[in-house]
1. Evaluate the following for His36: is it outside any helix (DSSP H, G or I), under 15 Å from the mean Cα position of the chain (by Cα) and farther than 16 Å from Ser149 by Cβ?
2. So if I check each of Asp32, Asp44, which one is of a type in the set (Asp, Glu), on the phi < 0 side of the Ramachandran plot and touching a Cys at 6+ places or on another chain (Cβ under 9 Å)?
3. Does Gly93 satisfy being small (Gly, Ala, Ser) and part of a loop (DSSP other than H, G, I, E, B)?
4. Take the residues in region 44-81 that are under 13 Å from Met141 (Cα atoms) and part of a helix (DSSP H, G or I), then tell me which one is farthest from the chain's Cα centre (by Cα).
5. Exactly one of these conditions fails for Leu90: (1) over 25 Å from Lys20 (Cβ atoms); (2) surrounded by fewer than 17 Cβ atoms within 10 Å (Cβ to Cβ); (3) not basic (Lys, Arg). Give me its number.
6. Look through Glu8, Glu34 and report the one residue that is over 23 Å from Leu94 (Cβ atoms) and touching a residue at least 60 places away in the same chain (Cβ under 8 Å).
7. Give me a count of the residues in region 1-47 that are of a type in the set (A, V, I, L, M, F, W, C), farther than 16 Å from Gly70 by Cβ and touching a Ser or Thr at 6+ places or on another chain (Cβ under 8 Å).
8. Just to verify a result, which residue in region 145-157, among those that are open to solvent by less than 20 Å² (accessible area, probe 1.4 Å) and more than 24 Å from Thr41 (Cα to Cα), is modelled with the highest pLDDT?
Amino acid sequence: MSTPDNLESLYQQIIIDHAKNPHGRGLREPYDGEKHDVNPTCGDELTVRVRLDGDGEQATILDISHDGQGCSISQASASIMTELLVGQSLSDGLRAQEEFLHLLQGRGKVVPDEEILGDAVAFSGVAKYPARVKCALLAWMAWKSAVVSAVEPKVAS
């Protein structure tokens with residue numbers, strides 16, 4: 001059985017592994033939506049592109065690509081988000097984004113739903129450090145904005 005210290009160590013290792021070997025790094029084409037975002041607190045910046053197939057909330061997330069610079073937390077968060085969301089329906093991706101936001105706004109008191117968040121539960125410890133929460137959320141908020149920019153043109157037509 002894992003002790004809290006062992007679990008925290010495992011979570012730290014997941015973040016380090018994703019920061020060193022990021023999934024989805026490098027902006028790819030074609031894409032349907034893009035968002036560049038900056039965390040003014042620390043200077044992290046990230047561009048996220050999303051490619052969807054289909055319409056509405058049942059559209060499939062075909063690809064997420066990202067590029068930018070920043071701390072290990074922001075880079076690992078983008079990697080884990082990419083790994084988790086690609087292949088899911090848009091509605092499941094948005095639910096995961098909301099769950100991740102809830103986790104990080106919980107100041108370490110929210111029990112993460114591993115079924116929805118997968119490796120993103122590794123950021124539960126980050127929630128205890130308000131200065132780092134924006135780092136972890138950067139990719140997820142940029143992704144959500146990229147999705148909005150991808151869906152809006154389809155809705156208008």
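The values are calculated or read from the model by the stated rules, or taken from the named source; none is laboratory data. Because the structure is predicted, anything quoted here is derived from the model rather than measured. Cβ: placed from backbone, ideal geometry, glycine included. Neighbour counts: every protein chain shown. Side chains included, ligands, DNA and RNA excluded: accessible areas come from the protein's heavy atoms. Shrake-Rupley method; radii C 1.70, N 1.55, O 1.52, S 1.80 Å.
1. Working: outside any helix (DSSP H, G or I): yes; under 15 Å from the mean Cα position of the chain (by Cα): yes; farther than 16 Å from Ser149 by Cβ: no.
So His36 fails the test.
2. Details: Asp32 fails: touching a Cys at 6+ places or on another chain (Cβ under 9 Å).
When all the criteria are applied, what remains is Asp44.
3. Working: small (Gly, Ala, Ser): yes; part of a loop (DSSP other than H, G, I, E, B): no.
No: the conditions fail for Gly93.
4. Step by step, filter region 44-81, then rank; the result is Ser74.
5. That leaves (2) as the condition not met.
6. Glu8
7. Just the residues of region 1-47 that are of a type in the set (A, V, I, L, M, F, W, C), to begin with: 1, 7, 10, 14-16, 19, 27, 38, 42, 46.
Subsequent filtering for residues that are farther than 16 Å from Gly70 by Cβ retains 1, 7, 10, 14.
The next check asks that each one be touching a Ser or Thr at 6+ places or on another chain (Cβ under 8 Å); those that pass are 10.
Count: 1.
8. Among those that are open to solvent by less than 20 Å² (accessible area, probe 1.4 Å) and more than 24 Å from Thr41 (Cα to Cα), it is Val147.
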